[in-house]
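Here the structure comes first, spelled out in structure tokens, and everything after it is commentary.
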Amino acid sequence: MPEEGVCKKSHEEMMTQEEIITAVKVASKLGVTKIRLTGGEPLVKKDIVQLVSRIKEINSIEEVCITTNATLLPQYANDLKKAGLDSSKYSVHKLRHTAATLMYQYGQVDIRALQELLGHESISTTEIYTHVSNNQVRDAVERNPLANL
């Protein structure tokens with residue numbers, strides 16, 4: 001993780017579904033048979049279910065998996081399974097961020113406390129990893145009892 005954090009990108013700045021499918025087709029022609037969708041959080045990709053389905057349609061692809069922090073998995077699990085997803089893996093790193101997200105959303109934990117807990121240099125990195133919006137960060141900072149000292 002860079003010290004300055006990770007730059008947020010809009011969906012328009014990410015690879016399109018067509019670009020990903022093209023890359024997978026090229027990789028499959030080179031002998032790749034297993035695809036793992038990862039990086040950031042693949043479940044925030046608005047067309048993730050359709051993407052998994054399209055990758056599974058490529059004849060030489062035998063397995064499609066994702067690495068996720070599982071925050072959004074409950075809402076996508078059934079559709080992803082129907083689309084042909086073979087497995088999901090959860091990393092300790094990702095689960096730590098999931099725990100921080102849940103602490104923020106349901107435990108009313110201050111975003112700066114989460115930044116310290118996660119060891120992030122930049123609050124924007126904490127914002128990205130905990131799926132916190134700019135408004136939520138602003139509200140959390142304002143609610144911090146130390147903010148007015």
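Miscellaneous remarks
- Going from the fewest other Cβ atoms within 10 Å to the most, the residues M103, M15 appear in the order M15, M103.
- Stokes-Einstein translational diffusion, segment 16-90 - Kirkwood Rh over all Cα pairs, 0.890 mPa s, 25 °C, in µm²/s: 199
- This ranking places I61, I21 by how few other beta-carbon atoms lie within 10 Å of each, fewest first, which gives I21, I61.
- Packing-based exposure ordering (other Cβ within 10 Å, fewest first) of E116, E13: E13, E116
- Other residues within the sphere of radius under 10 Å centred on the Cβ of T33, judged by their own Cβ, net out at -1 (K and R +1, D and E -1).
- Here's the list of aspartates and glutamates a cross-link from K34 could span, going by alpha-carbon distance under 19 Å and ignoring same-chain residues fewer than 8 apart: E18, E19, E57, E62, E63, D86.
- Pairs beyond 18 Å (Cα-Cα), from K45/K81; K25/K45; K56/K82: K25/K45
Computed from the coordinates by the stated procedures, all read-outs in this text should not be read as laboratory data. Computed from a predicted structure; not experimentally measured. Cβ coordinates were reconstructed from backbone atoms using ideal geometry, including for glycine residues, and neighbour counts include every protein chain displayed.
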